[in-house]
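Working notes for the structure below.
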Amino acid sequence: MSDTPTQYAFGMIGLGTMGRNLLLNMADHGFAVAGYDKNQKQIDLLAQEGKDKPVQGFTDPQAFVQSISTPRAIMMLVPAGPIVDSVIADMVPLLSPGDILIDGGNSYFTDTTRRDKELAEKGFHFFGMGVSGGEEGARFGPSMMPGGDKDAYKTMQPVFDAIAAHVGDEPCVAYMGPGAAGHFVKMVHNGIEYGLMELIAETYGLLKNGLKLNDDEIGAVFTKWNEGRLQSFLLDITKDIFAFKTPDGDHLLFNDIKDEARAKGTGKWTSQVAMDLQAPLPTVDTAVAMRDLSKYKELRVQLAGLYPTDEQPLTEDKEAFLTSLEQAFYFSMIITYAQGMNMLANASTEYKYDLQLATIARIWRGGCIIRSAFLNDIYNAYQGDNNLAHLLLDGKVQELVKGAVGGSRTIIGAATAAGLPVPAFTSALGYFDAFRTARLPSNLIQAQRDYFGAHTYELVGKEGVFHTQWTGMRSKPEAPAGPATNQPPTTPPEPGVKQSNEETTKPKL
């Protein structure tokens, strides 16, 4: 047993960039804190950066745990997946019932649900907390999304309120809901982040390859936009990237970076879960797909030679194009946020999270990667009605969309004609146009499904589920599952036998 005195109020497992900076943030606010990492280099960095602060690093897990006052509060910031389970397995024998364990990484939400149940059965308090803001946010004020054990969160709330980013007097942290609500909200946050980053990349492509602007001119566009209604963290860092030169100072560093985007999986998770929830977010789906497509560099180079594009500028009227492009970006940004908020609303119902969408928008306004001026409009929309079926129904948002959608049509038309890729812009407009269409051509799809697979259909103005034998059979099909029976064809086809065993689930807005 170690003789280390019990003197620290909080412990951090994992002293990489995020964990170390969060710990230093806490120390800055007067909290005595301890950190644990197997890597001595991380301990040394903590000692160096935490000089004269109430912070101590440990490589001995038992000494680390014993140094924390009881009931202990310990946070993990380690890579998602099996490593989290491994850390928990190592820590549990050293902890006491009533201690608090927090997972601050990007864990998949179903893993958090499982861990919450397993640790509760052993007498521990556990909650998952999404943390956004990157290195700078962790050090000086992140946005945090805790969910799970509410009593445990309340115990930790004074610490989190102190270290979070603030917008005015409001900390950018709040309890999200039970179970894995915190990690779920962070997952969707990251999905929106993917969409916004792809939109910025496509905008850069249009400015460079469409308008033929040089790097200084492109940087000036992003700088100007960031001073207006498009103000956001992602545009802010983009303007900085367009000013950062190589050590020799003769060109921008980012021009030396390979055009192959990588990912850690949270965007993919968002798309996969959205499909399970029947909450379409095609702009996020497209952003995930484009990161994957970017990795086919050799094939892309080959195809570029086989299918060359017009090298002429898109237009001679650059100012008019830039005006339309600003509108197109604003419109697509709104749609991307709207898709994410709709997914959160669906998840709140499906998983019984009781998410407060206004609260989510509020804590995203500062500290996090997707913070932007538009989040104030989202906050106002859901503050007025947390049960708003879709962000596009809000009166103010309607005004903003109607004022910007024309630019989106102009830009997509011009880019498509010139053969320049704008898949995220196109997906945002397609989503909007589909959602504002009172009668989609999907009835044909349902008729086709019934024709080839006896999948049944519903009728306008008539209760029930039906199946029709549409024409003479070319070959004898298998009988449909359940009590369904084929009916003789009629001209025109009429509804057949009412069914009770076919899919009738409708997505919730």
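Worth pointing out:
- For Val65, the criteria (1) under 20 Å from Ile100 (Cβ atoms); (2) not in a helix (DSSP H, G or I) hold in every case but one, which is (2).
- Whichever residue in segment 27-62 is touching a Pro at 6+ places or on another chain (Cβ under 9 Å) and not in a strand (DSSP E or B) and, among such residues, is nearest to Val92 (Cα to Cα): Lys38
- Verdict on Thr112 being among the hydroxyl-bearing types (Ser, Thr, Tyr), under 22 Å from the mean Cα position of the chain (by Cα) and assigned to a helix (DSSP H, G or I): yes
- All of (1) within 26 Å of the chain's Cα centre (by Cα); (2) at pLDDT 95 or above; (3) open to solvent by 30 Å² or more (accessible area, probe 1.4 Å) hold for Pro79 with one exception: (2).
- Restricted to segment 106-124, and to residues there that are in contact (Cβ under 8 Å) with a residue 12 or more places away in the chain and over 16 Å from Val84 (Cα atoms), the residue that is most open to solvent (accessible area, probe 1.4 Å) is Lys122.
- Within segment 229-260, restricting attention to residues that are open to solvent by less than 40 Å² (accessible area, probe 1.4 Å) and outside any helix (DSSP H, G or I), the residue that is modelled with the lowest pLDDT is Gly249.
- Applying the condition of being within 21 Å of Gly182 (Cα to Cα) and out of contact with any Leu (no Cβ under 8 Å at 6 or more places or on another chain) to segment 377-390 and asking which residue is least open to solvent (accessible area, probe 1.4 Å) yields Tyr379.
- Selection from segment 428-445 of residues that are in a helix (DSSP H, G or I) and charged (D, E, K, R): Asp433
- Qualifying residue in segment 196-204 (condition: in the same structural domain as Ile412 (by the TED database), of a type in the set (Ser, Thr, Tyr), open to solvent by less than 10 Å² (accessible area, probe 1.4 Å) and at pLDDT 95 or above): yes
The values are calculated or read from the model by the stated rules, or taken from the named source; none is laboratory data. Bear in mind the structure is a predicted one, so any value in this text is a computation, not a measurement. Methodologically, a virtual Cβ is constructed for each residue, glycine included, from the backbone with ideal geometry; neighbour enumeration extends over all protein chains shown. These area figures cover heavy atoms from the full protein model, side chains too; ligands, DNA and RNA do not enter into them. Shrake-Rupley method; radii C 1.70, N 1.55, O 1.52, S 1.80 Å.
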